[in-house]
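The structure follows.
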Amino acid sequence: MRRERARDEKTPVLWMVVHGVIASAIGIAAGLAIEWFPEQASTQAGPIDHLYDVLIWTSVPVFVTVSIIVLFSVRNFKMRPGEEQLDGPPIHGNTRLEVIWTAIPAVVLVVLCSYAWVVLNDIEEAHAGEMRINVVGQQFAWTFEYPQPGGKPIKSTQLYLPKDRPVRFYVKALDVIHDFWVPAFRMKIDAVPGIETKYRVTPNRLGTYPVVCAELCGLGHSVMRTTTHVVTPAKFNAWIAEQKAPAAASAEGEIDGKTLFTDGNGAATACGSCHTLADAGTQSETGPDLDKALAGEDAASIKQSITAPDAKITPGFQAGIMPKNYGDTLSAEELDALVKYLGEAAGK
Ligand code: CUA
């Protein structure tokens, strides 16, 4: 009788091990096959993705082991009819088992933490020639400031970065907590009012990548997005030069308010990405329809709608959605051109 039971107990253990190994192999293969992340666009992305793969290798077998033991226990140790009044068998612990199930997770955790620490240390390492960029989050826009030696910083709502140049972001928030995230770089950090947070990135792939706010920050959270442009150093220098001389356009001729409306200026986001205006051919409904909202308004009122958008709110829309930084990211000439264009085009 005793021998028989001993044999019966070995069989399910073997069954569990075999199925555990198969399920783990399938889980790991699936976990590694899925493309979890967008393309890698920074030197930080590789080590982070590798860390993620190692975590899949480790966590899938843990998950499978726990699940199989739970399922096995539910099936084999459940109460059967007629056992309602019975107590379970008295169990007084098993020292060897407890040592094992404490020691193994402890070792796994120490190894993983050490590895993660090494990766973190590695991706946060300072490099020569590092460029400083200040990132300012506010409801609901990002502003990037490029300090200029002996001059005013260049401000932009589009993030321009030269390829292969190490960058350190100094991140701040003006109102509530936001989170500065470029998924293609893999790095993200909270923007917290009253605190300056920082991280380093070295972009190593040309292209455009989304900048996302990763902290629920209010009604406009989902539209608190902009674009990172990783460009060649030559193009970057040209962009900086262009930003330094925003009046250059007016020297050649009048600034085109319509183009500004549909395309933005490289620093300011295009109005047309949120507003409908028949003359410009834009149709977004994130913000008020300007053909209705601005028709018949005078220049001062239109200007106020751009620089102080919450002063007067169109019925049916909420205060605080439109970024409040257009007074900063548009030059005086650009603002005038835009006001003039809107005065002529709205409700036409
Ligand atoms: Cu800012 Cu979400």
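Which of the residues spanning the stretch 300-335 are farther than 22 Å from TYR146 by Cα, in contact (Cβ under 8 Å) with a residue 40 or more places away in the chain and part of a helix (DSSP H, G or I)?
Hit for the stretch 300-335 is ILE302, nothing else.
Scan the stretch 78-100 for residues that are surrounded by 10 or more Cβ atoms within 10 Å (Cβ to Cβ) and under 19 Å from LEU14 (Cα atoms) and jot them down. Give the steps one after another, and end with the answer.
Of all residues in the stretch 78-100, those surrounded by 10 or more Cβ atoms within 10 Å (Cβ to Cβ) come to 83, 94, 98-100.
The one that is surrounded by 10 or more Cβ atoms within 10 Å (Cβ to Cβ) and under 19 Å from LEU14 (Cα atoms): ILE100.
Scanning for something surrounded by fewer than 17 Cβ atoms within 10 Å (Cβ to Cβ), over 23 Å from LEU51 (Cβ atoms) and not basic (Lys, Arg), does the stretch 196-203 turn up at least one residue? If you could, list the steps in order and put the result at the bottom.
Within the stretch 196-203, the first condition is being surrounded by fewer than 17 Cβ atoms within 10 Å (Cβ to Cβ), and the residues that meet it are 196-198.
Keeping just the survivors that are over 23 Å from LEU51 (Cβ atoms) gives 196.
Those left that are additionally not basic (Lys, Arg): 196.
The answer is yes, given that some residue of the stretch 196-203 is surrounded by fewer than 17 Cβ atoms within 10 Å (Cβ to Cβ), over 23 Å from LEU51 (Cβ atoms) and not basic (Lys, Arg).
So which residues in the stretch 127-160 are surrounded by fewer than 16 Cβ atoms within 10 Å (Cβ to Cβ) and aliphatic (A, V, I, L, M)? Spell out how you get there, then give the answer.
Kept after step one, since they are surrounded by fewer than 16 Cβ atoms within 10 Å (Cβ to Cβ), are these residues of the stretch 127-160: 127-132, 147-153.
Within the stretch 127-160, ALA128, MET131 meet the criteria.
Now, a different point. Mind listing just one residue for me: the one in the stretch 286-316 that is over 33 Å from the mean Cα position of the chain (by Cα) and of a type outside the set (A, V, I, L, M) and, of those, surrounded by the fewest Cβ atoms within 10 Å (Cβ to Cβ)?
GLY296
Which one is nearest to GLN44 (Cα to Cα), of the residues in the stretch 186-200 that are aliphatic (A, V, I, L, M) and within 12 Å of the ligand (Cβ to nearest atom)?
Going through the stretch 186-200, the residues aliphatic (A, V, I, L, M) turn out to be 187, 189, 191-192, 195.
From what's left, within 12 Å of the ligand (Cβ to nearest atom): 191-192.
Numbers: ALA191: 20, VAL192: 23 Å.
In this case the residue turns out to be ALA191.
Which one is surrounded by the most Cβ atoms within 10 Å (Cβ to Cβ), of the residues in the stretch 176-185 that are closer than 21 Å to GLN158 by Cβ and within 15 Å of the ligand (Cβ to nearest atom)? Lay out the reasoning, then the answer.
To start, the set of residues in the stretch 176-185 that are closer than 21 Å to GLN158 by Cβ comprises 178-185.
Applying the additional criterion that residues be within 15 Å of the ligand (Cβ to nearest atom) yields 178-183.
Values: HIS178: 30, ASP179: 21, PHE180: 26, TRP181: 19, VAL182: 24, PRO183: 18.
Here the answer is HIS178.
Another one. Quick check on my filter: what residues within the stretch 54-74 are among the polar types (S, T, N, Q), more than 26 Å from the chain's Cα centre (by Cα) and surrounded by 12 or more Cβ atoms within 10 Å (Cβ to Cβ)?
Restricting attention to the stretch 54-74, the residues satisfying the condition of being among the polar types (S, T, N, Q) are 58-59, 65, 67, 73.
With the extra rule that they be more than 26 Å from the chain's Cα centre (by Cα), the set shrinks to 65, 67, 73.
Hits for the stretch 54-74 are THR65, SER67.
Let me ask you something else. Need the failing condition index for LYS172 against (1) within 16 Å of the ligand (Cβ to nearest atom); (2) outside the structural domain of VAL231 (by TED's automatic domain parsing); (3) charged (D, E, K, R), just the number.
Here LYS172 meets the rest and fails (2).
So which residues in the stretch 202-224 are within 16 Å of the ligand (Cβ to nearest atom) and of a type in the set (D, E, K, R)? Even if it seems obvious, please write down each step before you answer.
Here is the first cut: in the stretch 202-224, the residues within 16 Å of the ligand (Cβ to nearest atom) are 210-224.
GLU215 - this is the single residue of the stretch 202-224 that is within 16 Å of the ligand (Cβ to nearest atom) and of a type in the set (D, E, K, R).
I've got another one for you. Which of the numbered conditions does ILE100 fail, given that it passes all the others? Conditions: (1) assigned to a strand (DSSP E or B); (2) away from the ligand (no atom under 16 Å from the Cβ).
(1)
The values are calculated or read from the model by the stated rules, or taken from the named source; none is laboratory data. In this text the structure is predicted, and so the values were computed from the model without any measurement. Counting neighbours? That spans all protein chains shown, and the Cβs are built from the backbone with ideal geometry, glycine included.
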